[in-house]
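Visitor: Take a look at the following structure, please.
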Amino acid sequence: MAVRTLDHVNIRTADVPGTAAFFRDVLGLRAETAPGAGSIDQGCWIHDPDGRAIVHIGPVDAAYPSDDALPFTPARGSGAVHHVALECDDLPAMVARLDAAGLAVVRKDYPPANLCQLFVEERNGIILELNFRLEAA
């Protein structure tokens, strides 16, 4: 048995709607109220184009099944989770979206893997690595 793929990333934040807005408005992903939450302000799942909930966003004071054994302590930034990597397409469109949002972007090209990476920080300090496969020369 092996790990097959990333299921989801969970972000606990004091600003659920703001974090949801980043994924929805800047990255263009679908945001929906999380199961059991009354509204997106109380919990949000971000879906990829195939409908998979790849990012779960919840408030810092929400109860999670792991909290009894592993208590949660809110922190600013990406100390515990350094970054979240997402495979993307349409590099020019994404650059335009990030520019329109006024976000600082670091671009790193990695020719040995035919890869372009854009690094951007969302409003809670979590780094997103947006990966774009480039055509082989």
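The values are calculated or read from the model by the stated rules, or taken from the named source; none is laboratory data. Being a predicted model, the structure only gives us computed values, none of them experimental. Every residue, glycine among them, receives a Cβ derived from its backbone with ideal geometry; neighbour counts consider all protein chains shown.
Visitor: For the structure I just gave you, tell me whether ASP15 is surrounded by fewer than 14 Cβ atoms within 10 Å (Cβ to Cβ) and charged (D, E, K, R).
Guide: Details: surrounded by fewer than 14 Cβ atoms within 10 Å (Cβ to Cβ): no; charged (D, E, K, R): yes.
No: the conditions fail for ASP15.
Visitor: So, in segment 64-105, of the ones that are of a type in the set (A, V, I, L, M, F, W, C), surrounded by fewer than 10 Cβ atoms within 10 Å (Cβ to Cβ) and more than 17 Å from VAL26 (Cβ to Cβ), which residue ends up modelled with the highest pLDDT? It would help to see each step written out before you state the result.
Guide: Of segment 64-105, the ones of a type in the set (A, V, I, L, M, F, W, C) are 69-70, 72, 75, 80-81, 84-86, 88, 91, 93-96, 98, 100-101, 103-105.
Retained after the next criterion (residues that are surrounded by fewer than 10 Cβ atoms within 10 Å (Cβ to Cβ)): 69-70, 80, 104.
Next, only the ones that are more than 17 Å from VAL26 (Cβ to Cβ) stay: 69-70, 80.
Working: ALA69: 79, LEU70: 74, ALA80: 60.
Checked segment 64-105; the qualifying residue modelled with the highest pLDDT is ALA69.
Visitor: Output yes when any residue across segment 5-28 is over 23 Å from GLU121 (Cβ atoms), among the small types (Gly, Ala, Ser) and out of contact with any Gly (no Cβ under 8 Å at 6 or more places or on another chain), and no when none is.
Guide: no
Visitor: Sort through ALA34, ALA14 and tell me the only one that's touching a Phe, Trp or Tyr at 6+ places or on another chain (Cβ under 7 Å) and closer than 13 Å to PRO59 by Cβ.
Guide: On the way: ALA14 fails: touching a Phe, Trp or Tyr at 6+ places or on another chain (Cβ under 7 Å).
Only one candidate qualifies: ALA34.
Visitor: Restricting attention to segment 128-137, does a residue exist that is in a strand (DSSP E or B), surrounded by fewer than 15 Cβ atoms within 10 Å (Cβ to Cβ), touching a residue at least 40 places away in the same chain (Cβ under 8 Å) and not hydroxyl-bearing (Ser, Thr, Tyr)?
Guide: yes
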